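To keep things clear, I will list the structure first and then write my remarks on it.
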Amino acid sequence: MPHETEAALSRRGFLIATGSTLAATALRPAAGDAQTPAPPPVPGKEKLIVRSSRPLNLEARVTDLTTYHTPESAFFVRNNYDAAPVDPAQWSMRIEGEVDNPVVLRLDDLRKLPALTQDVTLECAGNGRAFHQPRASGIQWEHGAVGTQRFTGVRLADVLALAKLRPAARHVAFDGVDKPPTPQAPDFIRSVPLWKALAPHTMLAFEMAGRPIPHLHGGPVRAIVPGFVGSASIKWLERVMALTEEFNGFYMKSNYTAPRADNDKEVYSLQSLEVKSVIVNPAEGARLAAGKVTAWGWAWAGEGELTGVDVSTDGGKTWTTATLVGPSDRYAWRQWEHAWDAAAGSHTLMARATDSLGRMQPASRAFNRLGYRWNVIHAVKVDVA
Amino acid sequence: MWRSLALAAALGTAVAAHAQQEVEVPKTPGWELIMRCVICHSVEIAVQQRFGPQGWSETLDRMIKYGAPIPPEDKAQLMAYLLRHYRDPAGR
């Protein structure tokens, strides 16, 4: 944990008083029972559901996830803490810890390294938390804290090579400029094991969709850790630390953890995303005309490779193999579709993905206190007339 | 401790001076204590949670550890308020 200084405190006070995304809240009493408040939309993000305005947390409606690359307007935002915008010209990042050559790098330094562009699906570890029973602790995400972007940047391995990693290094931690609102609250720092840090797809990205990464999505520079839960891909990077152990902080040891399969008294820090699929069309509650309907959606598998998607149109009694279509990128979602001859009546459609690790989406998920790992088969009910 | 209270007071001023958004909470005894929560985060973070007594108590204890200015006598009242409106009967 970084030590606190009066300067840091004063900087936080300043940020909170002036940050444009840090909208303050005036409480107004309401009559009657608890209601879900509806905070105002965020400019450029009007399509998204505001789960929290401070820190900012926005998710898409699944029916707005209609394209392989998610438009910025429909791309979710997950902030543990907000951050003030960082001027790219002023930005720098330290590489420190278990290295022989600690370095400070600026954007120009990164641009001298070989560039990498790849399509990556990012999903919040808590996506689907709202479906846990009883209610799990945290932002109540439904289906839409997921999206796919084209990121450009450099390999983290190349950056670590500049700093000359020591043999003792086993984990690499990322820290962004976002800081908690009080000195006692834990800084948002997460680490990944060395094998993942050195993997050729793990990157420090400075472009999204061919343009500088927007502030809300972590620019000027963010980590992109494909296949891992979204929280590994720390935004607004200012520090990369090589460590001998997994980072010992709240966001590794307490939050972003789930009970171990072999001993549920102990927890592990989440790494890979689950195997998962969503139905984009038809929408929940849709009224359809009888005849041909193309059911379709997305499927992804984190560290696994997607091997297939099965579709049921009778509530899970029978399953048919869906067709995988469109781009196929190792760490991005894949589109699936199924030609359904819809007869009059009420129907429940389901999609179920499988992957190369032998995983299949389950029909249920054991409750876990923090509401992670929700990849239960997505079902939509429709009426056909 | 003094530092955290001073910080909270400074932030409270910022909140009051920059109020831009209104949300509704039920006006039953203890509702004003929600202002202690919104010093650091918007009210939606709190009111989308549903816990039982243990869950709310642990959550408030964690927030107090992080510097939320909630002395013991106010914690009890805030607990009662949260359990009245934001309780999951099946939750801890």
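The values are calculated or read from the model by the stated rules, or taken from the named source; none is laboratory data. Remember, it's a predicted structure, so these values are computed and weren't measured experimentally. Reconstructed Cβ throughout: ideal geometry from the backbone, glycine too, with neighbour counts over all protein chains shown.
Points worth noting:
- Filtered by the rule that a residue be in a helix (DSSP H, G or I), in contact with a Ser or Thr (Cβ under 8 Å, 6 or more places away or on another chain) and touching a residue at least 60 places away in the same chain (Cβ under 8 Å), region A:239-257 gives A:Tyr251, A:Met252.
- On the stretch given as region B:59-82, residues that are touching a Leu at 6+ places or on another chain (Cβ under 7 Å) and basic (Lys, Arg) total 1.
- Residues within region A:283-321 that are in a strand (DSSP E or B), within 14 Å of A:Val384 (Cβ to Cβ) and small (Gly, Ala, Ser), tallied: 2
- Every residue from region A:251-261 that is surrounded by fewer than 17 Cβ atoms within 10 Å (Cβ to Cβ) and at pLDDT 95 or above: A:Lys253, A:Ser254, A:Arg260
- Condition check for A:Ala242: closer than 26 Å to A:Pro180 by Cα, touching an Asp or Glu at 6+ places or on another chain (Cβ under 7 Å) and surrounded by 24 or more Cβ atoms within 10 Å (Cβ to Cβ): yes
- Any hit, region A:194-203, residues being touching a helix residue (DSSP H, G or I) at 6+ places or on another chain (Cβ under 8 Å), among the aliphatic types (A, V, I, L, M), outside any strand (DSSP E or B) and crowded, with 20+ Cβ neighbours inside 10 Å: yes
- Qualifying residues in region B:28-37 (those that are in a helix (DSSP H, G or I) and farther than 24 Å from A:Asn80 by Cα) - the one nearest to the other protein chains (Cβ to nearest Cβ): B:Trp31
- Residue that is farthest from A:Pro181 (Cα to Cα) [pool: residues in region B:38-77 that are of a type in the set (Asp, Glu) and more than 7 Å from every other protein chain (Cβ to nearest Cβ)]: B:Glu73
- Search result, residues across region A:180-193 that are surrounded by fewer than 23 Cβ atoms within 10 Å (Cβ to Cβ) and more than 14 Å from every other protein chain (Cβ to nearest Cβ): A:Ile189, A:Pro193
- For region A:204-238, a tally of residues being in a helix (DSSP H, G or I) and surrounded by fewer than 18 Cβ atoms within 10 Å (Cβ to Cβ) returns 1.
- Pairs, first under 20 Å from A:Phe367 (Cα atoms) in region A:258-285, second part of a loop (DSSP other than H, G, I, E, B) and among the acidic types (Asp, Glu), C-beta under 7 Å, six or more apart: A:Arg260/A:Glu266; A:Ser269/A:Glu246; A:Ser272/A:Glu303
- The selection criterion, being surrounded by fewer than 17 Cβ atoms within 10 Å (Cβ to Cβ), among the β-branched types (Val, Ile, Thr) and part of a strand (DSSP E or B), holds for A:Thr348.
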